[in-house]
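J.: Below: one structure in structure tokens.
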Amino acid sequence: MANYSTNEFKGGLKVMLDGDPCAILENDYVKPGKGQAFNRVKLRNLMTGRVGERTFKSGDSLEGADVLELDMEYLYTDGDMWYFMQTDGSFEQYAVEKKALGDTDKWLKEQVVYTVTLWDDKAIVVSAPNFIELEVTETDPGLKGDTAQGGSKPATLSSGAVVRVPLFINQGEVLKVDTRTGEYVSRA
Amino acid sequence: MTVDWQPTAEIATLHERARLLGEVRAFFAERGVWEVETPVLGHGGSTDVQLASLSCEAATPAGRERLWLQTSPEFHMKRLLAAGSGPIFQIARSVRDGEVGGRHNLEFSMLEWYRPGLDLEGLIAETAALIRRVLSSDPGPVRCRRYRELFRDYLALDPFREPLTGLRRLAAERGGLDMAQAPRDACLDLLMSFVIEPQLGWEGIDVVQDYPASQAALARRHRDPEDGEWVASRFEAYRQGLELANGYDELTDAEEQRARFDEDNAERRAQGLPEVDVDRRLLAALEAGLPAGSGVALGLDRLIQLALAKASVAEVMAFATPRA
């Protein structure tokens, strides 16, 4: 991969830092009136998801990271690996480890399209779409007529996630859920 | 739909900016400092190792020549002074490659002025007066502090005497980067920009004086009254953690100037940076005689940013580079 100098840093650029691929979020230039300039760079470590700040002398460079973010449809799991397929018509499949799946495992549903981050052609992160529609597999029976009252109860969804839902929701209903907050949005 | 054709500043802000430009011009008119305009493209550029100059090739009466986009109007303005201009000011569009961020833009407006016969103290007072005139609210008192004092107060060390190993360790710790090979000035610059600067100018206008002699740029040097250490006769003015102005007791010695240009280009070669054509006409002007005096460069966009309480220089520029 090419090397990138601090003055080529921009939001979205993927670079290697301490052995991990990172995405640059912000790059700010810090310089006394006269003298050595520095770049204060905010990066997200793509392996851990952690955001941190690092300082570089202006003109220093980092190796680029061979990172791609691709849309992929979830196919199935054999319990060991999770299989995804590219949606660009190539039908190329990727096997994803549990570690790369992270918290997204509770939002998995066949045929839904996820964003899979590849580093050196290996999946390192899977992100769920912001909203997903899932069926309620288990919850206490709905309270008839109680459509306006407050109050909530837990419901287990087909993907395994447990979310708080209004009391009127019944087993078998399909719900729209925000995967970023894990909150119920509406009936689908 | 894309909105990136829109200005980076609101129209109301640009109106305010126009009003403040008027204030600046009135300030200098009242003081008998007249406005000049000098070239953006010159045959020489700034050799300063810490500045990256852009150059281009263009047709001139001499054929196709390499011209440098000026990083400040300094050289041309000094040639006017040598030609007998007397006190002058300019609001000059200046270009510095690589300077990108909330308080920087590739091109910006430099307010630069020169005062033949005025000493640094007099110029500091005038700079503070200009800053007050542009800021709508009273910024509070002007406090002059020596570079050395600041390092003692904020870091408990003497920037001139602290061994290099100690400086490198502290700079690495405060900046969170490897400074093991860093030269002395880079360590001091880091500590100044990361630790000290953000704390300056919150109760008034802080003016820093007596920089290390190695950071003199185009300023004279004098001996520190405390222990005879050489220091640079220059100052910087700060408000709310922002460096606003950089003033010099101007170097007038052509030989000294030539030596500093050569040192800069030697350092550029050593660091693998492109060499910059020296402005031989500036050297000739210095040989002919530059009147003793002081001069200051002020980042006008930053001052306007503070005056209008905006978060970045882009918000007071019609079109910051990303939308230019």
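The values are calculated or read from the model by the stated rules, or taken from the named source; none is laboratory data. The structure displayed is predicted, hence computed values, not measured ones. Glycine gets a Cβ as well: all are built from the backbone with ideal geometry, and neighbour counts include every protein chain shown.
J.: Hey, B:ASN105 hits all of (1) surrounded by 22 or more Cβ atoms within 10 Å (Cβ to Cβ); (2) within 14 Å of chain A (Cβ to nearest Cβ); (3) touching a Leu at 6+ places or on another chain (Cβ under 9 Å) but one; which does it fall short on?
T.: It is condition (3) that B:ASN105 fails.
J.: Sticking with this one: Please pick out the residue among A:PRO154, A:PRO166 that is surrounded by 15 or more Cβ atoms within 10 Å (Cβ to Cβ) and either within 30 Å of A:ASP20 (Cβ to Cβ) or of a type outside the set (A, V, I, L, M) (or both).
T.: None of the other options fit; the residue is A:PRO166.
J.: Residues in region A:44-58 that are more than 17 Å from the chain's Cα centre (by Cα) and either more than 23 Å from A:ASN7 (Cβ to Cβ) or not assigned by TED's automatic domain parsing to the domain that holds A:LYS14 (or both): how many?
T.: Residues meeting the conditions: 0.
J.: Let me ask something else about it. Right, A:GLY33: within 12 Å of another protein chain (Cβ to nearest Cβ) and without any contact (Cβ under 8 Å) to a residue 12 or more places away in the chain or not?
T.: yes
J.: Further question on the same structure: Which strands (runs of 3 or more DSSP E) sit wholly inside region A:43-105 and have at least 2 residues that are under 30 Å from A:THR181 (Cβ atoms), touching a Phe, Trp or Tyr at 6+ places or on another chain (Cβ under 6 Å) and touching a residue at least 12 places away in the same chain (Cβ under 8 Å)?
T.: Qualifying strands (runs of 3 or more DSSP E): A:67-77, A:82-86, A:93-96.
J.: Further question: Given the conditions (1) at pLDDT below 90; (2) at positive phi, which single one is not true for B:GLY201?
T.: B:GLY201 satisfies all of (1) at pLDDT below 90; (2) at positive phi except (1).
J.: I'm checking my understanding of the structure. Among residues of region B:249-303 that are among the polar types (S, T, N, Q) and more than 24 Å from B:TRP113 (Cβ to Cβ), which one is surrounded by the fewest Cβ atoms within 10 Å (Cβ to Cβ)?
T.: Restricting to residues being among the polar types (S, T, N, Q) and more than 24 Å from B:TRP113 (Cβ to Cβ), the top hit is B:GLN271.
J.: Somewhere in region A:46-60, is a residue under 30 Å from B:TYR238 (Cα atoms) and among the hydrophobic types (A, V, I, L, M, F, W, C)?
T.: Yes - at least one qualifying residue is present in region A:46-60.
J.: Sticking with this one: Just to verify a result, which residue in region B:162-211, among those that are within 11 Å of another protein chain (Cβ to nearest Cβ) and among the acidic types (Asp, Glu), is farthest from B:GLU267 (Cα to Cα)?
T.: Selected residue: B:GLU197.
J.: More than 14 Å from chain A (Cβ to nearest Cβ), among the charged types (D, E, K, R), part of a loop (DSSP other than H, G, I, E, B) and in contact (Cβ under 8 Å) with a residue 60 or more places away in the chain - does that describe any residue in region B:120-141?
T.: There is no residue in region B:120-141 that is more than 14 Å from chain A (Cβ to nearest Cβ), among the charged types (D, E, K, R), part of a loop (DSSP other than H, G, I, E, B) and in contact (Cβ under 8 Å) with a residue 60 or more places away in the chain.
J.: Follow-up. Is region B:45-65 home to any residue that is touching a helix residue (DSSP H, G or I) at 6+ places or on another chain (Cβ under 7 Å), of a type in the set (A, V, I, L, M, F, W, C), modelled with pLDDT of 95 or more and outside any loop (DSSP other than H, G, I, E, B)?
T.: Looking through region B:45-65, none of the residues is touching a helix residue (DSSP H, G or I) at 6+ places or on another chain (Cβ under 7 Å), of a type in the set (A, V, I, L, M, F, W, C), modelled with pLDDT of 95 or more and outside any loop (DSSP other than H, G, I, E, B).
J.: Can you find, within region A:1-30, the residue that is surrounded by the fewest Cβ atoms within 10 Å (Cβ to Cβ) among those that are touching a strand residue (DSSP E or B) at 6+ places or on another chain (Cβ under 7 Å), polar (S, T, N, Q) and within 12 Å of another protein chain (Cβ to nearest Cβ)?
T.: A:SER5
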